[in-house]
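Take a look at the structure below.
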Amino acid sequence: MAKQLQARRLEGTEHNPWVEYIKLANEYKDAVNLGQGFPNFPPPDFAVEAFQHAVTGDYMLNQYTMAFGHPPLTKVLASFFGKLLGQELDPLANVLVTVGAYGALFTAFQALVDEGDEVIIIEPFFDCYEPMTLMAGGRPVFVSLKQSPSQDQDLDSSSSWQLDATELASKFTPRTKVLVLNTPNNPLGKVFSKAELEQVASLCRQHDVLCVSDEVYQWLIYDENQHISIASLPGMWERTLTIGSAGKTFSVTGWKVGWVLGPENIMKHLRTVHQNSIYHCPTQAQAAVAQCFEREQLLFGQPSSYFVQLPQAMQRSRDHMIRSLQSVGFKPVTPQGSYFLMVDISDFKSKMPNLPGAAHEPYDRRFVKWMIKNKGLVAMPVSIFYSGPHQKDFDHYIRFCFVKEEATLQAMDEKLQKWKAELKF
């Protein structure tokens, strides 16, 4: 075809690093997959029962529901999160149900970012933020969390990675339209403190900038840390979209149910994108998620709540993984939240710097490939969560997912013990 096939908005978004590493992990069948962020244990019984009921109960759940969200789900989301955000939420005006949080993010970028608009993205960042900005015609502007010296020399914490206030302020210009916030952060596991959120909020208000707040891991918080939604701060509800995920909330990532909460004057534009793209999300999954939230609303804060039990269990898995990784010389960054932890591989980089790979390939990518092939452990290189110019500065970190069943963690232990026995340093 003589004409260019590819739409111009796709330029610079073609490469997806996940494809390469997932393919490699699948080629090595005995490798322990700690790279992808999904639980490999069963969802809670009440979630499975809710889905079974949705499939086998009311036959009308096989049909379309309301385009912007199944009414029982939008109602419980409005009630549940309204209390947390300190807002009276209208299920019809302030809630939109999407195909996962991914769908929520894409809808938000398409609805709000125009040609030439600048979007501030905090690094490290979930890797879809940059291509979604570019596809909307926007220009990504990056600001990195910087690691400050840790009080505990043996174990770093995600809390020690902080924004430089002056650098952050310098990123705001008259072209800035949106700031993307991710707390808890993927891949770092950082939970932004109230003081840090107030700093971001102040700049958003000062420069009249919207905030897209990706809070999919809000129920996975560890060590008495506290999740705060930036929309709950003064003057931020009216300029913030808060994004959530049933997959991360109830350990059902395959259901692909997400949502956006926000003020009507912004949400109406997301509904325009939604109705002219996917139009409607699967009814049965929405009905099941509604039942799950109704249960959690009744049990909120009680020991039997899944929102209490899940983080307790995952904190134990996190601590298990940290101890095991330390045994072979990895230096973990203890996450305050999320599915993930980053580890510093600087010692490996100094002792075996010439791993196979392309000349300009960041070290962490070469290390992960080597580790999959030679040690049977799958992780993700952290440089993929950075913008091009900054990837070499952070290529001494890799990311592991610890939200795995006990058998997987034990298989990891066996691989690491074998590795430890082989170490010559």
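The values are calculated or read from the model by the stated rules, or taken from the named source; none is laboratory data. Since the model is a prediction, treat every value here as computed from it, not as a measurement. In this analysis, Cβ positions are derived from the backbone assuming ideal geometry, glycine residues included, and neighbour counts consider all displayed protein chains. Remember, those area values only see protein heavy atoms, side chains included, never the ligands or the DNA or RNA. Shrake-Rupley method; radii C 1.70, N 1.55, O 1.52, S 1.80 Å.
Give me the distance between the Cα centres of segment 9-72 and segment 304-338, rounded to whole Å. Measuring centre to centre over Cα atoms gives 23 Å. In this structure, Gln297 and Ser350 have a Cβ-Cβ separation that, at R0 = 51 Å, corresponds to a calculated FRET efficiency of about 0.45. Given a 1.4 Å probe and the protein chains as shown, Arg9 ends up with an accessible area of around 140 Å².
Selection among Gly137, Val273, Met380 by position relative to the dipole of the chain gives Met380 as farthest towards the positive end (Cβ unit charges, Cα centre).
State the antiparallel share, in %, of DSSP beta bridges confined to the chain, rounding to the nearest 5.
50 percent
By definition, a body whose alpha carbon gyration tensor gives a ≥ b ≥ c is oblate when a/c is 1.5 or more and a/b is not larger than b/c, and segment 64-170 fits this oblate description.
Can you give me the % of accessible surface on the chain that is carbon or sulfur? Probe 1.4 Å, all protein chains present, nothing else counted. All intermediate terms of the calculation are to be shown ahead of the outcome.
Details: 9550 of 18580 Å².
Carbon plus sulfur share of accessible area: 51 percent.
Just need log10 I(q)/I(0) for segment 267-419 at q = 0.09, 0.10, 0.12, 0.13 Å⁻¹, Debye formula, equal scatterers on the alpha-carbon atoms, no solvent, rounded to two decimals. Cα-only, vacuum Debye calculation for segment 267-419: -0.46, -0.55, -0.73, -0.80. Among the lysines of segment 174-310, pairs at least eight places apart or on separate chains and with Cα atoms under 24 Å apart come to 6. Using θ = phi - 60° in the Karplus curve 6.51 cos²θ - 1.76 cosθ + 1.60, the 3J(HN,Hα) couplings for segment 188-193 round to 6, x, 6, 10, 5, 6 Hz; x is entered for Gly and Pro. The charge dipole of segment 162-211, taken about the Cα centre with unit charges on the Cβ atoms of Lys, Arg (+1) and Asp, Glu (-1), comes to about 160 debye, rounded to the nearest 20. Out of Ala108, Gly329, Leu355, whose Cα points farthest toward the positive end of the dipole of the chain (charges: +1 Lys, Arg; -1 Asp, Glu; placed on Cβ)? The listed residue farthest towards the positive side: Leu355. Coupling constants for segment 265-273 follow from the phi torsions by the Karplus curve (6.51 cos²θ - 1.76 cosθ + 1.60, θ = phi - 60°), and in residue order they are 5, 8, 4, 4, 6, 5, 5, 5, 5 Hz; glycine and proline get x. Over the chain, DSSP H runs of length four or greater, each weighted -39,500 (n - 2.57), average out per residue to a 222 nm ellipticity of -12500 deg cm²/dmol.
Using alpha carbon coordinates only, what is the Rg to Rh ratio of the chain, with Rh defined as the Kirkwood radius? Radius of gyration relative to Kirkwood radius: 0.96. The Cα center of segment 406-425 and the Cα center of segment 230-297 differ in position by 40 Å. Accessible surface of Trp219, taken over heavy atoms with a 1.4 Å probe and every protein chain present, rounds to 40 Å².
If only the Cβ of Lys and Arg carry +1 and only the Cβ of Asp and Glu carry -1, the dipole of the chain around its Cα centre is close to 840 debye.
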